[in-house]
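This report concerns only the one structure given below.
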Amino acid sequence: MNIKPIILRGILDSLPVGLMVIDPEEEIININRAASEILGYPLYVFEGKGWGDLFFDDEKNIDFNQIIIDIIRERKVNLQRSVSYVRSDGKILQLSITGSFLREGEEIAGIVVLINDVTELHKAHKREKIVLEEKSALHHERAESIKNLAEAVAHQIRNPVTAIGGFSMRMLNQLDQDDPNRGYLGAILDGTKRLEDVVTAVGHYTKLLQIEPKKVAISEVLQKAQVGLSPKEAELSRKIKWTVRSEPIKAMIDPRLFTHALNELFLNALEFCREDEVSIEMCVFEEANRVHVEIQDSGAGISEEDRPYIFDPFFTTKAVGVGMGLCRVKRIISEHKGVIMIESTPGKGTEVRIRLPQE
Ligand SMILES: Nc1ncnc2c1ncn2[C@@H]1O[C@H](COP(=O)(O)OP(=O)(O)OP(=O)(O)O)[C@@H](O)[C@H]1O
Ligand SMILES: [Mg+2]
C-alpha cells in the first residue's frame, strides 16, 4: 500500500511521540514535529543533515549518541534506554529512547528512533525516591531509638530480677516444709519467672529490627517451621494433621525470621486447639504480583472481645504466657513490607492470611 507523502507527514506529525528515521549513511530522512520539539531544533534544521552533523560533536550528549552507535554496531532491535539530553538552550531533559535497526533483506534499510520526553516523570520518581528514603531513614531512626530504650530497660530489670529470684530460691530451700512463708516465696519466684520471660521476649522483639532478605523458596521455610514444631507436639501430647498446597514460589524474605513467624502461628494453632489433634491447612500461591500465605486451623477460635487485642504486646489468654507471639509475627511481616490479617470463628477455627509483595 502506497501512502501519499502528505498524508504520511500528517500522520507522523500527529504522533505524540518523537520519531526519527536515519538512513544507512546516517542522514536523517524523516523526523516528526514531536521529535524536533523535544530535541530543540526547528524541523528545517534537520533537512539534508546527518545525525553526526547535528549531535556527535556535543560531548554533553555522549550517552544519547551512544544509542545510535550501539544500534548500528550491534544491529539491535527495540533497544530501549533512558538517557539525559542537554538541549541547545541549556535545558536538561530525560529521554526514553527506543531504537531499532531496519533491514531490507540483507541490506541495512535504516534506523528508526522513538523519542519520549520523560523529564517530568523522571523528576516525580526522583522526588518520590527522596521522600521514601527520608521516610525510611526516619523509620530506621525511630526503630533504633525504641530498640535502645527497650534494651536499656531490659538490662536494668534483668539484674535485680536475677538477684530477687536467686535469693528467694535460697530462702525457700532453707524453710521447713510446713513454714507458712513458703507460699509467699513461691509467689515471688513465679513473679520473677514472669519478669524474666518478659525481658527475654522484649530482647527477641528488638532483634527483629535487623532483617536480611534473600531469594528463598517458601516451601523450604515452611518445612523448617513444621519440623521446628515437633518437640512442642510431643511436649503437649498433641498431634497436627497437615494439609499443604504450595506453588513453587521464591520470594525475597529473611529465612530465619520468616520461619520464626510461621512457627509462632503454627504454635498458636497447636496451643489453642480443643482436642488432641488439630488440623492445619496451609496454602501458598502467587496472585496479582503478591505472594499469598494462608493458614487455617481447626482450633478453638478467638472470641469477639479478644479479637481487637491479639496483635498487642503482652496480650494473652494463656494462664502462663507472655503474649508477644503475634506482635512479633506482625512486626516480621511488616518488616517484609507485607500485611497480615486474622479472621476467626469461635468454636470452628482461625484463618491467618499473609500477603507479601513480589518484585
Ligand atoms: N490460632 C489461634 N487460635 C485461637 N486463638 C488464638 C490463635 N492465635 C492467637 N490466638 C489468641 O491471640 C492471643 C495472642 O496470641 P500471641 O501468640 O500473641 O500470644 P500467646 O500465644 O498467648 O503467647 P506467646 O505467643 O507469647 O507464647 C492468644 O493468647 C490467643 O487468645
Ligand atoms: Mg503465641
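Each value in this text was obtained by applying a stated rule to the coordinates, not by laboratory testing. Source: prediction; values computed, not measured. Virtual Cβ from ideal backbone geometry, glycine too; neighbours counted across all protein chains shown.
Brief remarks follow.
- In the stretch 119-207, lysine pairs with alpha-carbon atoms under 20 angstrom apart (chain gap of 8 or more, or interchain): 4
- Farthest toward positive dipole pole in the chain [+1 Lys/Arg, -1 Asp/Glu at C-beta], among LEU262, ILE67, LEU95: LEU262
- Per residue, the chain reaches -14500 deg cm²/dmol at 222 nm when only DSSP H runs of four or more residues are counted, each adding -39500 (n - 2.57).
- Members of LYS224/LYS250; LYS60/LYS91; LYS241/LYS318 lying beyond 18 Å, as alpha-carbon distances in this model show: LYS241/LYS318
- Shape category assigned to the stretch 277-359 from the gyration tensor of Cα positions, a/c cut at 1.5: oblate
- Relative contact order of the chain: 9 percent, from C-alpha pairs under 8 Å at least 6 residues apart in sequence.
- Net length gained if the chain between VAL339 and HIS155 were fully extended (0.36 nm per residue, minus Cα distance): 63.1 nm
- Length available on full extension from VAL131 to THR317: 0.36 nm per residue minus the Cα-Cα distance, which gives 62.8 nm.
- Relative contact order of the stretch 119-207, defined on C-alpha pairs under 8 angstrom at six or more residues apart (%): 36
- Whichever lysines have a C-alpha closer than 26 Å to that of LYS4, once near sequence neighbours (fewer than 8 apart) are set aside: LYS49
- Under the shape rule built on the C-alpha gyration tensor, where the axes satisfy a ≥ b ≥ c, the stretch 164-285 is oblate, since a/c reaches at least 1.5 while a/b does not exceed b/c.
- Rounded to the nearest 20 debye, the dipole magnitude of the stretch 5-117 is 420 debye, with +1 charges on Lys and Arg beta carbons, -1 on Asp and Glu beta carbons, and the Cα centre as origin.
- In a DSSP loop and with at most 14 other Cβ atoms within 10 Å, the trypsin sites (Lys or Arg not before Pro) in the stretch 49-150 are ARG75, ARG87, LYS91.
- Eligible aspartates and glutamates near LYS232 by straight Cα distance, threshold 12 Å, same-chain separation 8 or greater: GLU264, GLU271
- Max mean-square fluctuation residue, GNM over the chain, Cα-Cα springs under 10 Å, options LEU270, LEU93, LEU149: LEU93
- The stretch 29-97 and the stretch 102-130 have their alpha-carbon centroids 10 Å apart.
- Cα gyration tensor shape of the stretch 119-207, rounded if a/c is under 1.5, else prolate or oblate by comparing a/b with b/c: prolate
- Over all pairs of different C-alpha atoms, the stretch 210-359 has a mean inverse distance whose reciprocal, the Kirkwood radius, equals 15.6 Å.
- Principal axis dimensions, largest first and in whole angstrom, of the chain by Cα: 112, 44, 36
- Assigned charges on the beta-carbon of Lys, Arg, Asp, Glu; the chain dipole about Cα centre (debye): 700
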